[in-house]
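Trainee: To start, I am sharing the structure in question, which I have written as structure tokens.
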């Protein structure tokens, strides 16, 4: 579906004018010719105003728990999961659905004071013990960003392998033969560490092409501060990669700061690519190239799936949401 910005560009006018025309603002002074042009453009691009977008029709008012594998402070450092949550909450607010947030506390989740839930949407990765805890609350469960058992649970995920491989192939085609990686470590609990998905794909793809140089792989946390520190470490060496793939946009923003401080140019000296396409990524200097993940859409689709489960669907469904490489100015 088109955005206001895309319609404004095609109509050769401002986003504000487009918004006011499509929301039938009678106080707006604009020619009928421009008004018709905006409406025709929006119609041709399949735009729907927020008030006319899809909402879920439920047979009764339902209450949904949004279970987050992060705590509140960790969520702030990684907008990826915030945007998924917002997708759920926005759709729920237009539907007959109440949502309650449940964050992780010391590897467990407290449902005792939360009351009854008709279903749970679990965002992130979870241990078997944690999943068993969810099942004691309800059997209507949808996972987002993980798929622990396709024979039992609904899930909404992206194809990380395809996304990372397409990005790396593009970098190789652009002539970047020395490619580095800035990533983080994932834990489902204090004692259970996960192999980070982008790093595994990164290593396998470049190893198969005899392009892997482990000196250029740096692992920290999924935060801007960690991205800054990892890139500072990389630039302190006598050799560093010509391009760096960052596991998320927060890491990329920190890396760009370190590169600027070193008075190196992006992308002339070092290319940077992020992952997620956070809202502020197009406003960096230079604008960040990244892999767009349709995070809010993932949240919406999770809520659709959960409602179907609550309404009686018994066969589990796994939804794989596509990604898109957004090339701006950092490679």
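The values are calculated or read from the model by the stated rules, or taken from the named source; none is laboratory data. All of these numbers come straight from a predicted model, not from anything done at the bench. Neighbour counts run over all protein chains shown; Cβ positions are idealised from the backbone, glycine included.
Trainee: So for the range 229-238 (the condition being free of Cβ contacts under 8 Å to residues at least 60 places away in the same chain, part of a loop (DSSP other than H, G, I, E, B), within 26 Å of residue 185 (Cβ to Cβ) and touching a strand residue (DSSP E or B) at 6+ places or on another chain (Cβ under 6 Å)), does at least one residue qualify?
Mentor: no
Trainee: Among the residues of the range 240-266, what is the count of those that are in contact with a helix residue (DSSP H, G or I) (Cβ under 7 Å, 6 or more places away or on another chain) and either within 24 Å of residue 200 (Cβ to Cβ) or assigned to a loop (DSSP other than H, G, I, E, B) (or both)?
Mentor: Number satisfying all stated conditions: 17.
Trainee: Evaluate the following for residue 176: is it modelled with pLDDT of 95 or more and in contact with a helix residue (DSSP H, G or I) (Cβ under 7 Å, 6 or more places away or on another chain)?
Mentor: Answer is no for this residue.
Trainee: So which of 311, 300, 282 is at pLDDT below 95 and assigned by TED's automatic domain parsing to the domain that holds residue 142?
Mentor: 311
Trainee: Could you list, in sequence order, the residues of the range 147-186 that are over 30 Å from residue 239 (Cβ atoms) and surrounded by fewer than 19 Cβ atoms within 10 Å (Cβ to Cβ)?
Mentor: 147, 148, 149, 150, 151, 152, 157, 159, 162
Trainee: Looking at the range 252-302, which of its residues are free of Cβ contacts under 8 Å to residues at least 60 places away in the same chain, buried (at least 23 other Cβ atoms within 10 Å of the Cβ) and under 30 Å from residue 95 (Cα atoms)?
Mentor: Correct list: 277 only.
Trainee: Which of (1) under 22 Å from residue 75 (Cβ atoms); (2) in the same structural domain as residue 179 (by TED's automatic domain parsing) is the odd one out, the single condition residue 215 does not satisfy?
Mentor: All conditions pass for residue 215, except number (1).
Trainee: When you go through 216, 222, 205 one by one, which is the residue that is closer than 30 Å to residue 104 by Cα and in contact with a helix residue (DSSP H, G or I) (Cβ under 8 Å, 6 or more places away or on another chain)?
Mentor: Checking each option against the conditions leaves just 222.
Trainee: Check off (1) in a strand (DSSP E or B); (2) under 30 Å from residue 8 (Cβ atoms) for residue 33 and give me the number that stays unchecked.
Mentor: (1)
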